[in-house]
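A.B. asks: Quick one: this structure, given as structure tokens, is what I'll be asking you about.
The values are calculated or read from the model by the stated rules, or taken from the named source; none is laboratory data. For clarity, every value in this text was computed on a predicted model and none was experimentally measured. Here Cβ is always computed from backbone atoms with ideal geometry, including for glycine, and neighbour counts include all displayed protein chains.
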Amino acid sequence: MIDPYLHEAAYRGRHAIERLGTVHIVLCGAGALGSLMADNLVRHGAHQLTAIDSDRIEIHNVGTQIYGQEDIGAFKVEVLRSHCFRCTGVEITIHAKRLDENNIRKFLKGADLVIDTFDNSSSRKIVTEYCRDHSMPCLHLGMNQDYGEVRWNETYRVPGDVVAGDVCDYPLARNLILLVVAAGTESVLRRLLENHQENYSITLRDLKITIE
């Protein structure tokens, strides 16, 4: 049988693939960062992934997310589940609902790691405070103009919403998204494999990633 993780296992070692496969990851948000993060994680060997997002796919999502034009109108998490299964055979768990104070305990129950990629400050605040109160490891991925950050909960500060009105009108560079997702995946793997937490700042214009 051909190993779908052949190249990654050759680079990191089979133990890295197996370790990631044992971790229950809850992904908050399935948009630009979240959808590509899910795709990247399952291709690295994640088998226990839960995605939470209440949004449906719109035409402007096609340029920055994993979805295609044929997916417009469908719930993001439903298409994401199908995408992950087609690519890797991994069946992720999904919740096509908005996360709030009333359901966060249910949705994050049993999580070994939470990844926050929400596009609004109110949802980020809920996740941040819940994970701090319950000592749950939480990694935040975010962007603003040509700046991105990957930061663990211990030093994370919830930013204000970056734009008034429709968040979809805000400038969003696909290459910055890809850089943030790559840095986020590395931060997850280094925590799991080396028990070491790294925060990153990413700037697109000079293609620079800084460890903090």
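A.B. asks: With the requirement that a residue be in contact with a Cys (Cβ under 9 Å, 6 or more places away or on another chain) and among the acidic types (Asp, Glu), what does region 98-118 give you?
C.D. replies: Selection gives Asp116 alone.
A.B. asks: Looking only at region 146-178, count how many residues are at pLDDT below 90, within 20 Å of Tyr200 (Cα to Cα) and either out of contact with any strand residue (DSSP E or B) (no Cβ under 9 Å at 6 or more places or on another chain) or of a type in the set (S, T, N, Q) (or both). Show your work before the answer.
C.D. replies: So in region 146-178, the residues at pLDDT below 90 come out as 159-172.
Restricting the remaining residues to those that are within 20 Å of Tyr200 (Cα to Cα) gives 159-160, 162, 172.
Cutting the leftovers down to either out of contact with any strand residue (DSSP E or B) (no Cβ under 9 Å at 6 or more places or on another chain) or of a type in the set (S, T, N, Q) (or both) gives us 160.
Looking only at that region, the number is 1.
A.B. asks: So Ile72 ticks every box in (1) of a type in the set (Val, Ile, Thr); (2) crowded, with 19+ Cβ neighbours inside 10 Å; (3) out of contact with any strand residue (DSSP E or B) (no Cβ under 7 Å at 6 or more places or on another chain) but one. Which box is left unticked?
C.D. replies: (2)
A.B. asks: Kindly provide the set of residues from region 4-36 that are surrounded by fewer than 16 Cβ atoms within 10 Å (Cβ to Cβ), of a type in the set (D, E, K, R) and in contact (Cβ under 8 Å) with a residue 24 or more places away in the chain, ordered by number.
C.D. replies: Answer for region 4-36, where residues must be surrounded by fewer than 16 Cβ atoms within 10 Å (Cβ to Cβ), of a type in the set (D, E, K, R) and in contact (Cβ under 8 Å) with a residue 24 or more places away in the chain: Glu18, Arg19.
A.B. asks: Where in region 1-120 are there helices (runs of 4 or more DSSP H), lying wholly inside it, with at least 3 residues that are of a type in the set (A, V, I, L, M) and within 27 Å of Arg190 (Cβ to Cβ)? If you could, list the steps in order and put the result at the bottom.
C.D. replies: Numbers: elements: 6-12, 14-21, 32-44, 76-88, 104-108.
So the answer is 6-12, 14-21, 32-44.
A.B. asks: Looking only at region 181-201, count every residue that is farther than 19 Å from Leu49 by Cα and either part of a loop (DSSP other than H, G, I, E, B) or in contact (Cβ under 8 Å) with a residue 40 or more places away in the chain (or both) and tell me the total.
C.D. replies: 7
A.B. asks: Can you list residue pairs whose Cβ atoms sit under 6 Å apart, with the first residue in region 127-154 being over 19 Å from Ala51 (Cα atoms) and assigned to a strand (DSSP E or B) and the second being modelled with pLDDT of 95 or more and among the hydroxyl-bearing types (Ser, Thr, Tyr)? Count only pairs 6 or more apart in sequence or on different chains.
C.D. replies: Cβ pairs passing all conditions: Tyr147/Thr203; Glu149/Ser201.
A.B. asks: Which condition number does Asp119 fail, the rest of (1) within 21 Å of Asp39 (Cβ to Cβ); (2) at pLDDT 95 or above; (3) among the acidic types (Asp, Glu) being met?
C.D. replies: All conditions are met except number (2).
A.B. asks: Here are Ile57, Ile115, Ile92: which of them is buried (at least 22 other Cβ atoms within 10 Å of the Cβ) and without any contact (Cβ under 8 Å) to a residue 24 or more places away in the chain? Step through it out loud before you land on a result.
C.D. replies: On the way: Ile115 fails: without any contact (Cβ under 8 Å) to a residue 24 or more places away in the chain; Ile92 fails: without any contact (Cβ under 8 Å) to a residue 24 or more places away in the chain.
Sole residue among the options that is buried (at least 22 other Cβ atoms within 10 Å of the Cβ) and without any contact (Cβ under 8 Å) to a residue 24 or more places away in the chain: Ile57.
A.B. asks: Could you list, in sequence order, all residues of region 183-208 that are within 21 Å of Arg19 (Cβ to Cβ), over 16 Å from the mean Cα position of the chain (by Cα) and surrounded by fewer than 15 Cβ atoms within 10 Å (Cβ to Cβ)?
C.D. replies: Leu193, Glu194, Asn195, His196, listed by residue number.
A.B. asks: Another question, then. Regarding Ser123, is this residue more than 22 Å from Asn175 (Cα to Cα), part of a helix (DSSP H, G or I) and in contact (Cβ under 8 Å) with a residue 60 or more places away in the chain?
C.D. replies: Considered against the rule, which asks whether it is more than 22 Å from Asn175 (Cα to Cα), part of a helix (DSSP H, G or I) and in contact (Cβ under 8 Å) with a residue 60 or more places away in the chain, Ser123 comes out as yes.
A.B. asks: I'd like to verify a number: residues in region 35-77 that are of a type in the set (D, E, K, R) and more than 17 Å from Thr117 (Cα to Cα), how many?
C.D. replies: 4
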